[in-house]
Amino acid sequence: MSAEIVQLLEQAGPYLSAAVGAYGATVFSRAEDAAVEAAADATASVGRRILRAVWHRRDDQGRAALETAVREAAEEPAEEDAAGALRQLIKRALREDAELAREVAGLLPAAGGVTVNVSGKRAIGAQHIGIAVSGDDATIHPPQR
C-alpha cells in the first residue's frame, strides 16, 4: 500500500500546489461557492477538494497541523521544505485511512487523461500541436526537406 500512496501523492501534487497557490489558507474556511469554483482553475479546484477531503477526516489536532502546513506552503511557495511538510501530512493521512485514499484517487482525473488549461488573450491550448501562432503578422516557414 505504501508504494500506492506515494504514487497517489505524486499524481495529486500538481493539484495540491495549484490549490495552495490559488486559495492559500482559505481553502478550508471558505464555503464552497459555485461561482468561485467555476472561475477557479480546474486544477486548483481538484486540489481544493483533495485538501478538504483530508481536512474533514482529521481530528482537531490533525486539522490544525494541516491548516498550518497549507498556510506555510502558501506564504512561501518557493520553499521546498514547506511543500514537503504538507505532502508528508497528506501522505500520513492517506496511509492511516484507506477510505480517504480511495476518495482522493477518485477525485483525480483518470491516468492518461488530458487536461489543458488555457487563459489569456490569444492563448492556445492543445494536446498535440505542430505549429501554432497567435500573434499578428507572423510568417511561418515550413522546414526544408
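For R95, state whether it is part of a loop (DSSP other than H, G, I, E, B), farther than 18 Å from A18 by Cα and modelled with pLDDT of 90 or more.
So R95 does not fit the description; no.
Looking for whichever is within 15 Å of the chain's Cα centre (by Cα), at pLDDT 85 or above and surrounded by 11 or more Cβ atoms within 10 Å (Cβ to Cβ) here; the options are A85, A53, A101, A65. Which one fits?
After applying the criteria, what remains is A53.
Can you tell me which residue is modelled with the highest pLDDT among those in the stretch 28-50 that are more than 18 Å from R87 (Cβ to Cβ) and among the polar types (S, T, N, Q)?
Checked the stretch 28-50; the qualifying residue modelled with the highest pLDDT is S45.
Would you please list the contacts, defined by Cβ atoms under 8 Å and residues six or more apart or on different chains, that run from a residue in the stretch 61-80 that is closer than 21 Å to P14 by Cβ to a residue that is of a type in the set (K, R) and crowded, with 16+ Cβ neighbours inside 10 Å?
L66/R58
The values are calculated or read from the model by the stated rules, or taken from the named source; none is laboratory data. None of these values were measured; they are calculated from a predicted model. Note: ideal-geometry Cβ built from the backbone for every residue, glycine included; neighbour counts use all protein chains shown.
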